[in-house]
Amino acid sequence: MSIEYFTCSTNQRIAYSLTRNETTKDLVILAHGMFCGMDFSLLVKLCTNLSLHFNVLRFDFFGSGQSDGEWKYGGYEREAFCLQEMVRFARESGFIVKAVVGHSKGGTALLYYGSTIDSENGPLLIPLAPRVKAILKDRRLTEQQFNQLENEGYTYFTDANGKKWKIDKESVEERKHLKTLEKCEIIKVPVCIIHGTRDGTCPFAESESAKAKIHSSVELVPVEGANHSFVGKEDIVADIIYNKIKSIN
């Protein structure tokens, strides 16, 4: 994977990887979830499939992977801004942005981003298993970690790969007051939500709630038997994305 850098309007570098398809200027942007980057396996597999038809741009959110900035447990508005910058960069590079796909937290940020688009002619938004409801008490954290947050303002979470992530109290409070459903109500561009029926991380009902709030053209596509990361179902997800883009463009 070849890594390049784009300097955004806040003078921070965003790392990205562009997989080119020389037969078209159409492009799809892929955005990752929380504890990962653009090399997350789901995005890699989607890129492999979608690049048969489109140019595909993957990137790291601020503080993730090789992008500048500090990683945040919350920071949805900042990640929406990052998406906005990547769409602008792609267009200024001569591409036609057909769709933006965001997984998990990236899907939530995508809905935030959608609320900022003041034209019905924006790109198709495709959130994959987004979180839309407030998280009053995160199951990832222990009572000891919550106490540390209260007393010291931060704690650390160790993921399945042994990497430590710093979680601050501000981000935890932000997740208690998610504005995703409010954002959904003002989205004007078309949305296609894709969600696994066996998602043990973010229940399918979250996407049902989002769909009910979106007043633009919206579709919710269940992937039967898929977990949160669509393991073993990546080809199905890629086909849904491809067919949806072709149906409206």
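Residues THR197, THR201: which one is touching a helix residue (DSSP H, G or I) at 6+ places or on another chain (Cβ under 7 Å), at pLDDT 90 or above and among the polar types (S, T, N, Q)? Lay out the reasoning, then the answer.
Numbers: THR201 fails: touching a helix residue (DSSP H, G or I) at 6+ places or on another chain (Cβ under 7 Å).
The conditions single out THR197.
Just one of (1) surrounded by 16 or more Cβ atoms within 10 Å (Cβ to Cβ); (2) under 25 Å from ASP39 (Cβ atoms); (3) modelled with pLDDT under 95 trips up VAL172, so point out which.
Failing condition for VAL172: (2).
Go through the stretch 61-105 and give me each residue that's of a type outside the set (Phe, Trp, Tyr), under 17 Å from SER9 (Cβ atoms), in a loop (DSSP other than H, G, I, E, B) and modelled with pLDDT of 95 or more.
Answer for the stretch 61-105, where residues must be of a type outside the set (Phe, Trp, Tyr), under 17 Å from SER9 (Cβ atoms), in a loop (DSSP other than H, G, I, E, B) and modelled with pLDDT of 95 or more: SER67, ASP68, SER93.
Every residue, every condition in (1) touching a residue at least 12 places away in the same chain (Cβ under 8 Å); (2) among the basic types (Lys, Arg), yes or no:
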{"site": "ASN147", "(1), (2)": "no, no"}
{"site": "TYR156", "(1), (2)": "no, no"}
{"site": "LYS163", "(1), (2)": "yes, yes"}
{"site": "CYS184", "(1), (2)": "yes, no"}
{"site": "VAL189", "(1), (2)": "yes, no"}
{"site": "ALA212", "(1), (2)": "no, no"}
{"site": "GLY225", "(1), (2)": "yes, no"}
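Among SER17, SER41, which is surrounded by fewer than 16 Cβ atoms within 10 Å (Cβ to Cβ) and farther than 17 Å from TYR76 by Cα?
Working: SER17 fails: surrounded by fewer than 16 Cβ atoms within 10 Å (Cβ to Cβ).
Selected residue: SER41, the only one of SER17, SER41 that is surrounded by fewer than 16 Cβ atoms within 10 Å (Cβ to Cβ) and farther than 17 Å from TYR76 by Cα.
Go through the residues of the stretch 77-96 one by one and say whether even a single one is under 13 Å from GLY33 (Cα atoms), touching an Asp or Glu at 6+ places or on another chain (Cβ under 6 Å) and either of a type outside the set (S, T, N, Q) or surrounded by fewer than 21 Cβ atoms within 10 Å (Cβ to Cβ) (or both).
No, the stretch 77-96 has no match at all.
Return yes or no: is LEU110 part of a helix (DSSP H, G or I), within 13 Å of TYR16 (Cα to Cα) and under 14 Å from the mean Cα position of the chain (by Cα)? Show your work before the answer.
Values: part of a helix (DSSP H, G or I): yes; within 13 Å of TYR16 (Cα to Cα): no; under 14 Å from the mean Cα position of the chain (by Cα): yes.
Here the answer is no, as LEU110 does not meet what is asked.
Quick check on the stretch 101-108. Is at least one of its residues assigned by TED's automatic domain parsing to the domain that holds VAL218, surrounded by 14 or more Cβ atoms within 10 Å (Cβ to Cβ) and touching a Ser or Thr at 6+ places or on another chain (Cβ under 7 Å)?
We begin by selecting, within the stretch 101-108, every residue assigned by TED's automatic domain parsing to the domain that holds VAL218; these are 101-108.
Add one more test, that the residue is surrounded by 14 or more Cβ atoms within 10 Å (Cβ to Cβ), and what stays is 101-108.
If we keep only those that are touching a Ser or Thr at 6+ places or on another chain (Cβ under 7 Å) too, we end up with 108.
Yes.
The values are calculated or read from the model by the stated rules, or taken from the named source; none is laboratory data. Everything quoted here is computed from the prediction, not taken from an experiment. Reconstructed Cβ throughout: ideal geometry from the backbone, glycine too, with neighbour counts over all protein chains shown.
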